[in-house]
Each structure stands twice: as structure tokens, then as C-alpha cells.
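One structure is given below, encoded as C-alpha cells.
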């Protein structure tokens, strides 16, 4: 086949994409709230409402929706209706995937502080004011984040993780802590644009790519934290996380991310950090197996997640979680009057692994 001369489009870049600086002389706001979205219009209305309710004027805050060629609704019309001229809209000519869409968000941003706010998540009142104050108090910080709650499709809180620190400020020993496992979400995180200009954008995978980015930032800059729930991360069936879980691709992606994270960790700590990461995500994989069994009744998929968990770590805590999984699974079988042969089969498969 003859060459066309056009470079091949790569949906997931293999190295951090370069982020050029904003053109000199351009008037810049403090904030760029960049909202990547794809087929989540039912949630986007809430997302925009949460931002507009606390947004200062356009001189201080750029707000823009970056649509990855959605097909569920006329997103441009939705933005025009809710934003009433205050929210800009950009549509990708083709679907480029989440990682390239994030890259577009950052490149189109003009503010000094960038908030990548996914179109299905929410910010609570005071998010922008309090995060701005945190940066003012700690000008050395390259990034800052608030505490974050996990909500369901209807917006009800499902989970609140423990605080990262008891008081606001620069997080001590943050590089090693964030390198162990993911402790924050896009919705709660704000990064100085100059940090992306120095370190590049997201790359490598479309699951866990943000974890690597937060580690990369922590390896080069102090990071500030606010122990107040000002952001809400929404889980829903059409999310990338759920799609990866259904395809049993979470652990394979995370293994790639762990490998990249090791490059940012001091050599003397790499083995310990990697062991903690594998233990944490092995336990998470067993939790995913139980969730999938309840939702889809797929013993095959649950067993695959368990196999991946045991390939990650054989820590006693992992085996403890596995024992709990089998007791819960037996209860599910009895409650649903499912065939106990399925339960026996997966238990036998584990014993004979």
C-alpha cells in the first residue's frame, strides 16, 4: 500500500504528548474549567450547573465543553441552552478517545489553573474559591486537590474514602503514598498549566492513566490537599472503568501503569511500593469479582478477576478477601436459587489453580 504522507493517528499515545505554552501577550484567566464529554449528556446538565453556580466572570474563568463526537444528544445545543453564552463548546471532528480528548482540553485551555472536569462528575459549592485559596497559600504547589465522594447514577453518595490528611496544606511524603495506589480522581484535582507544559499530558492506557500523571507530578512538584468534600466522582454502567471491568482488562492496564510509575519512584523504594500496589489492586480485583457476580451472574468473569488477583499478590490479606468472597458467593447462590454447581466449579478451579 503506498504511503499517503499523513501520520498514523494513535488513540493512546505511547509517551506524554507535548503541551505548548499559551501564546505570549494573550490575556489569560486564572481558571480553565475544561469539560471532556462523550455520550453522558444526562449527567452533563448537572456538571455544568455545578460550575455555573459558582463561576466568576469570563475574565477569571474559561469554561469549555470538549465533545468527543457524542452520539447520544446534540451536545452543542445542550451547552448553548444551559450555558447561555457563558460556556464555550468544541466538538471533535471524529471520536478520538478519552486520552486524546484530554490532550485537546489542555491545549485549548488558557488559564493558569486547569480543572479537567469529566462530563458526568460534579463539583460542590466553594470548590473553585477554596482551591484557589489553597494555591495562594502554597504557591510552590504544582497541583492541588480536595477530598472526593463517590456517587451513583442518581447522584446518591455510595462511598467516602478516608481523609488523605487531617489538615489542609502540602502533603508530606506524597510521592511514595500516591505511588502505592490511586488516591484521587480527576474531578477533585487541579493542575497548574505550566506543569502540563513541563511534564506533558496523559498517555499509555485509558485506565489508570491519571494515577501515573499524579505520580509524575508528585515526583517534580509539591502537592497541596484540602480535607473537605468538594467534588463527587460518579460511577455508572457506561464508564470506562465499568467497561474495563466487564472485559477483565483492569489488572492488565494497571500492570502497565505500575511499570511506568516505577520510573518515578526512588530506586530504594521501588520494590516496597510495587508490592503494596499489587496487594491493593489484588484485593480490589476480588471486590470487582463479587460486584460482577451480583450484577451479571457471570461466574466465568468473576473467576477471571480472581485469577488476576492471585497473579498480582499472594499476601494473606488477599486470601482473607478471597475467603470472604466465597462465603458471599454462596449466599448469592442460595438467595437466587442458582445452581450450586457453578459455585462448586469456581471453588474447585481456585483450589486446583
(message) Using a Debye calculation, one point per C-alpha and no hydration shell, please list log10 I(q)/I(0) for segment 1-143 at q = 0.09, 0.21 Å⁻¹ in order.
(response) -0.31, -1.38
(request) Report the extension gain between residue 328 and residue 28 in nm, rounded to one decimal, defined as 0.36 nm multiplied by the number of residues separating them, less their alpha carbon distance. (result) 102.5 nm
(request) Report, in whole Å, the centroid distance computed from the Cα atoms of segment 50-70 and segment 167-188. (result) 26 Å
(message) Connecting C-alpha atoms closer than 10 Å in a GNM of the chain, tell me which of 162, 36, 222 has the biggest fluctuation.
(response) 162
(message) Given points 7 Å out from each Cα along the Cα-Cβ axis, report the residue 150 to residue 291 separation in nanometres with one decimal.
(response) 0.5 nm
(message) I need the fraction of alpha carbon pairs in segment 24-70 separated by more than 15 Å, rounded to a whole percent.
(response) 50 percent
(message) For the chain, compute the orientation-averaged projected area of the C-alpha convex hull (one quarter of its surface), in nm².
(response) 21.6 nm²
(message) Let me test this: with uniform point scatterers at the alpha carbons of segment 31-234, what is the Debye-based log₁₀ I(q)/I(0) at q = 0.09, 0.12, 0.15, 0.17 1/Å?
(response) -0.31, -0.56, -0.91, -1.20
(message) If you average the alpha carbon positions of segment 75-131 and of segment 204-274, how far apart do those two centres end up, in angstrom?
(response) 21 Å
(request) Mind checking the full-extension length gain between residue 159 and residue 247? Use 0.36 nm per residue of separation minus the Cα-Cα distance, one decimal, nm. (result) 29.3 nm
(request) Grab the Cα-Cα distance for residue 167 and residue 84, subtract it from 0.36 nm times how many residues apart they are, and report the gain in nm with one decimal. (result) 26.0 nm
(request) Quick one: work out the % antiparallel among DSSP beta bridges in the chain, nearest 5. (result) 30 percent
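None of the figures in this text is laboratory data; all of them are computed from the coordinates on show. Model, not experiment: these values are computed from the prediction. Cβ atoms come from the backbone with ideal geometry, glycine included; neighbour counts cover every protein chain shown.
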